[in-house]
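Novice: I have a structure here, written as structure tokens, and I will follow up with some questions on it.
Nothing in this text is a laboratory measurement; each read-out follows from the coordinates by a stated rule. Since we're looking at a predicted model, the values are computed, not measured. For neighbour counting, all protein chains shown are included, and Cβ atoms are generated from backbone atoms with ideal geometry for every residue, glycine included.
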Amino acid sequence: MSNLTEPQLLSALNWRYATKKFDAAKKIPDATWAALEQALVLAPSSFGLQPWKFIVVDDPAVRQKLLPASWGQTQIVDAARLVVFTVHKDLGEAEVTHFIQRTAEVRGVPAPSLDGYKNIIVQSLAGAKAGGTLDVWQSRQVYIALGQFMASAALLGVDTCPMEGIAPAQYDAILGLTGTRFTTLCVCTAGYRAADDKYSTSPKVRYPTAEVITHV
């Protein structure tokens, strides 16, 4: 179990903010970044299906291409890391079978023993597809991963900025996703705040606890 204390957790979350200006010269240590990638891998999702792909854009030239598709927001090129969060569209039985096979492999059980679980998932996906909510449902799972990534980064002292102010179709074209079953939802930049980012010292604006949390 973690030795993290309650004050340490709250301190990290209060320290975190959507960083507007990154120190372009400061890089994230390899071990720290490896841990943050694993935070993405370990993110929870409905049924455990993991309907996503996280694209880490390291190539400066590709980042420059993404800049105009991000309304010129400089975090795209200045942050140490850029992660593009994509969702797997139109999930169906093939993806469920792949997941069941992986489950059987990891847990050391025969795949046929999971047929009941598999059928429940397939039926749930089919129902969502028939209702026109399948891709919306799966997209919500990606935002769970985004939240876990940002919280994990804050605990490690790494700044982040989640960004939806992008042109997803342009991202898809630049990253070779057009025509595939993956599409861009949002991005998150990560690195270290610039010393002159004025937002780093701005007090957090949150409603009082009693206004947003109710006990019944």
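Novice: Scan segment 138-151 for residues that are among the small types (G, A, S) and either buried (at least 22 other Cβ atoms within 10 Å of the Cβ) or more than 14 Å from the chain's Cα centre (by Cα) (or both) and jot them down. I'd like the intermediate steps shown before the answer.
Specialist: The initial filter retains those residues of segment 138-151 that are among the small types (G, A, S), namely 139, 145, 147, 151.
If the condition is that a residue be among the small types (G, A, S) and either buried (at least 22 other Cβ atoms within 10 Å of the Cβ) or more than 14 Å from the chain's Cα centre (by Cα) (or both), then A145 is the only one that fits.
Novice: Here is a further query. Could you give me the residue pairs with C-beta distances under 6 Å whose first residue belongs to segment 36-55 and is at positive phi, whose second residue is crowded, with 18+ Cβ neighbours inside 10 Å and part of a helix (DSSP H, G or I) wherever it lies, and which are 6+ apart or on separate chains?
Specialist: F47/I121
Novice: Also, I was wondering about something else. Are any residues in segment 173-216 more than 19 Å from the chain's Cα centre (by Cα), hydrophobic (A, V, I, L, M, F, W, C), outside any helix (DSSP H, G or I) and surrounded by 10 or more Cβ atoms within 10 Å (Cβ to Cβ), and if so, which ones?
Specialist: A194
Novice: Something else about it: Here are some conditions: (1) closer than 27 Å to A34 by Cβ; (2) in contact (Cβ under 8 Å) with a residue 12 or more places away in the chain; (3) hydroxyl-bearing (S, T, Y); (4) out of contact with any strand residue (DSSP E or B) (no Cβ under 7 Å at 6 or more places or on another chain). S124 meets all but one. Which one does it not meet?
Specialist: With respect to (1) closer than 27 Å to A34 by Cβ; (2) in contact (Cβ under 8 Å) with a residue 12 or more places away in the chain; (3) hydroxyl-bearing (S, T, Y); (4) out of contact with any strand residue (DSSP E or B) (no Cβ under 7 Å at 6 or more places or on another chain), S124 is out only on (1).
Novice: A further question on this structure: Please go through segment 69-84 and give me each residue that is farther than 15 Å from C161 by Cα and without any contact (Cβ under 8 Å) to a residue 24 or more places away in the chain, ordered by number.
Specialist: If the condition is that a residue be farther than 15 Å from C161 by Cα and without any contact (Cβ under 8 Å) to a residue 24 or more places away in the chain, then no residue fits.
Novice: Which residue is nearest to L177 (Cα to Cα), if the candidates are limited to segment 91-137 and must be among the acidic types (D, E) and either in contact with a helix residue (DSSP H, G or I) (Cβ under 6 Å, 6 or more places away or on another chain) or surrounded by fewer than 13 Cβ atoms within 10 Å (Cβ to Cβ) (or both)?
Specialist: E93
Novice: Something else: Based on this model, can you work out whether S70 counts as closer than 26 Å to Y192 by Cα, out of contact with any Leu (no Cβ under 6 Å at 6 or more places or on another chain), among the hydroxyl-bearing types (S, T, Y) and surrounded by 13 or more Cβ atoms within 10 Å (Cβ to Cβ)?
Specialist: The answer is yes for S70.
Novice: Among the residues of segment 36-67, what is the count of those that are assigned to a helix (DSSP H, G or I) and surrounded by 13 or more Cβ atoms within 10 Å (Cβ to Cβ)?
Specialist: Restricting attention to segment 36-67, the residues satisfying the condition of being assigned to a helix (DSSP H, G or I) are 36-41, 46-48, 60-66.
From the residues that got through so far, the ones that are surrounded by 13 or more Cβ atoms within 10 Å (Cβ to Cβ) too are 36-37, 39-40, 46-47, 62-63, 65-66.
Number satisfying all stated conditions: 10.
Novice: Follow-up question, since we're still on this one. Looking at (1) without any contact (Cβ under 8 Å) to a residue 60 or more places away in the chain; (2) closer than 25 Å to F182 by Cβ, can you tell me which one V87 breaks?
Specialist: That leaves (1) as the condition not met.
Novice: Could you go through segment 148-167 and let me know if any residue there is touching a Lys or Arg at 6+ places or on another chain (Cβ under 9 Å), under 26 Å from A80 (Cβ atoms) and polar (S, T, N, Q).
Specialist: yes
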